[in-house]
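A short write-up of the structure that comes next.
Please treat every number below as a calculation from the coordinates, not as lab data. Here the structure is a predicted model, which means the values were calculated and not measured. Here the Cβ is made from the backbone with ideal geometry for all residues, glycine too, and neighbour counts use every protein chain on show.
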Amino acid sequence: MNKERIFSGMQPSGRFHLGNYMGALGNWVKLQHDYECIFSIVDLHALTSSYADTSQLQENIREMAIDWLSAGLDPEKNIIFVQSHVKEHAELAMLLGMITPLSWLERVPTYKDKIQNLSTQGKDLRTYGFLGYPVLMAADIILYKATRVPVGEDQSAHLELTREMVRRFNYIYNKEVFPEPQAVYSNAKVLPGIDGRKMSKSYDNTIPFGASPEEVEARIKMMITDPQRIKKIDKGNPDICIVYQFQKVFNTSEVEDIERKCRAGEIGCMQCKKILAEKMNVLLADIHLRREELSRKPNYIREVLEHGEKRARVIAEKNMAEIKAAMNVF
Ligand code: AMP
Ligand code: TRP
């Protein structure tokens, strides 16, 4: 098999939403056909910021596995596993830590921001683990010698740092052990939430991934349209309407027609919302059913993750031996 290898991960940090799917997971589902893919539920990364309350961690891991499978990630085609189950991630992060200049980590643009932001949620992130977040991420990727990494653009600094670490490792130990990985950005735009801000768990404006058709309808009903429009025959302004934003994403075939009718006062907001709900449910109703079905099969989920872990370990052990040999660590 000569396909390029992809590695990507997601933190199991609570209920997954449609924005996560549109921005990341949906892209993975497409990539699985053309690449050899390794996808990891990165629980150690979740611990870097949520170390103080781990009571939901196992539940979140299981839910994330269910989300991935119900979105259509194939557990045979891809390697799907939990990061902490393959000890080499921690081991390589430790070894890479030896060659990582502190200044590189302190310079990561999101580092100081995030410490500030999350301290408002009562999280103290002035920890060794949080500073080392990018080192652990670099370890994830290069442990498998992955060459492509699908991530959101917010991760570009981490990817750049990974490449710098690869160059530094190869230079210091005078061996081309690792290839330099490249980011693969999806062309999906940021999905707004039902209030028009970025869809995000912290704004409480999400449509949960795997929502039932009734939930989807209820969330759409809450979306604000053009507030100037009182009667159906009033001319609407789609530019300020959240439902229109969603039509553009989920109803590409009809959006132009809807826009014209809205501006002309020929379609009411209720009907527009109904059309949107139907379109979204073509995608989401299936996912909802698969999610329900998988939720009833905890043993199957466990088996999938164990199977992935075994396959990941085969690659990780082999590469780890090579890495340690280059460093004269036996
Ligand atoms: P987060 O849970 O915010 O860390 O995001 C996990 C992944 O989902 C990242 O790749 C994000 O880029 C993506 N993502 C999160 N929220 C949205 C959104 N509203 N629209 C598009 N992508 C998103
Ligand atoms: N930092 C990534 C994010 O927040 C998650 C992640 C951890 C990751 N390890 C990775 C992504 C390795 C790609 C490759 O989205």
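To the nearest 500 deg cm²/dmol, what mean residue ellipticity at 222 nm is calculated for the chain from DSSP H runs of n ≥ 4 alone, each contributing -39,500 (n - 2.57), summed and divided by the residues?
Numbers: 14 runs with 173 residues, N = 330.
Counting only the DSSP helices, I get -16500 deg cm²/dmol.
Highest mean first, what order results for 120-133, 15-28 on Cβ atoms within 10 Å?
Numbers: 120-133: 14.0, 15-28: 21.1.
The most tightly packed comes first, giving 15-28, 120-133.
Regarding the range 101-220, what is the average projected area of its C-alpha convex hull, in nm²?
Numbers: hull surface 39.1 nm².
Its Cα hull, projected and averaged over all orientations, spans 9.8 nm².
Set the Förster distance to 35 Å, then compute FRET efficiency between Asp124 and Tyr173 from the Cβ-Cβ distance, nearest 0.05.
Details: r = 36 Å, r/R0 = 1.02.
The calculated FRET efficiency here is 0.45.
Using only the Cα atoms, work out Rg/Rh for the range 172-328, with Rh taken as the Kirkwood radius, to two decimals. Write out the running numbers ahead of the final one.
Values: Rg = 23.6 Å, Rh = 19.6 Å.
Taking Rh as the inverse mean 1/r over Cα pairs, Rg/Rh reads 1.21.
Just order 222-233, 286-297 by mean Cβ neighbour count inside 10 Å, highest at the front, would you?
Numbers: 222-233: 13.3, 286-297: 15.2.
Descending packing order for the listed peptides: 286-297, 222-233.
Please list 3J(HN,Hα) in residue order for the range 179-187, calculated via the Karplus relation 6.51 cos²θ - 1.76 cosθ + 1.60 where θ = phi - 60°; whole Hz, with x for glycine and proline.
Per residue, the Karplus-derived 3J(HN,Hα) values read x, 7, x, 10, 6, 10, 8, 7, 8 Hz.
Just to verify a number: FRET efficiency for Lys189 and Asp53, C-beta to C-beta distance, R0 = 25 Å, to 0.05? Kindly include the intermediate steps, with their values, before the conclusion.
Details: r = 33 Å, r/R0 = 1.31.
Once the sixth-power term is evaluated, E becomes 0.15.
Quick check on my link table: of Lys201/Lys273; Lys248/Lys273; Lys221/Lys273; Lys201/Lys297; Lys87/Lys114; Lys30/Lys87, which ones sit more than 18 Å apart, alpha carbon to alpha carbon? Could you put the intermediate results ahead of the total?
Numbers: Lys201/Lys273 23 Å; Lys248/Lys273 13 Å; Lys221/Lys273 7 Å; Lys201/Lys297 26 Å; Lys87/Lys114 27 Å; Lys30/Lys87 29 Å.
Pairs exceeding the cut-off: Lys201/Lys273; Lys201/Lys297; Lys87/Lys114; Lys30/Lys87.
Provide, as a two-decimal number, the C-alpha radius of gyration of the range 210-292 over 2.2 N^0.38 Å, N being how many residues it has.
On the way: Rg = 13.1 Å, N = 83, 2.2 N^0.38 = 11.8 Å.
Dividing the Cα radius of gyration by 2.2 N^0.38 Å gives 1.11.
Could you give the nm distance between label points at Val329 and Ile224, where each point is 7 Å from its Cα heading toward the beta carbon?
Placing both labels 7 Å along Cα→Cβ, they lie 5.3 nm apart.
Please report, in whole Å, how far the alpha carbons of the range 157-205 spread along each principal axis, starting with the longest.
Over the range 157-205, Cα extents along the principal axes are 54, 21, 12 Å.
What residues qualify as long-range amide H neighbours of Val184, i.e. H under 5 Å apart, gap of 5 or more or another chain, H built at 1.01 Å from N?
Val149, Val151
Give me Rg/Rg_expected for the range 1-89, where Rg uses Cα atoms only and Rg_expected = 2.2 N^0.38 Å with N residues. Write out the running numbers ahead of the final one.
On the way: Rg = 13.2 Å, N = 89, 2.2 N^0.38 = 12.1 Å.
Rounded to two decimals, the normalised Rg is 1.09.
Please list, in chain and number order, the residues 5+ apart from Lys198 or on another chain whose amide H is under 5 Å from its amide H, with Hs placed from the backbone.
Long-range HN contacts for Lys198: Gly193.
If each Cα of the range 245-292 is one equal point scatterer, what is log10 of I(q)/I(0) from the Debye formula at q = 0.33 Å⁻¹?
Cα-only, vacuum Debye calculation for the range 245-292: -1.21.
Compute from the Cα atoms of the chain the Rg and the Dmax, the latter being the longest Cα-Cα distance, and quote both in angstrom.
22.2, 77
Once the Cα atoms of helix 255-264 and of the chain are each reduced to a long axis, what angle between those two axes, in degrees from 0 to 90 to the nearest 10, is obtained?
40
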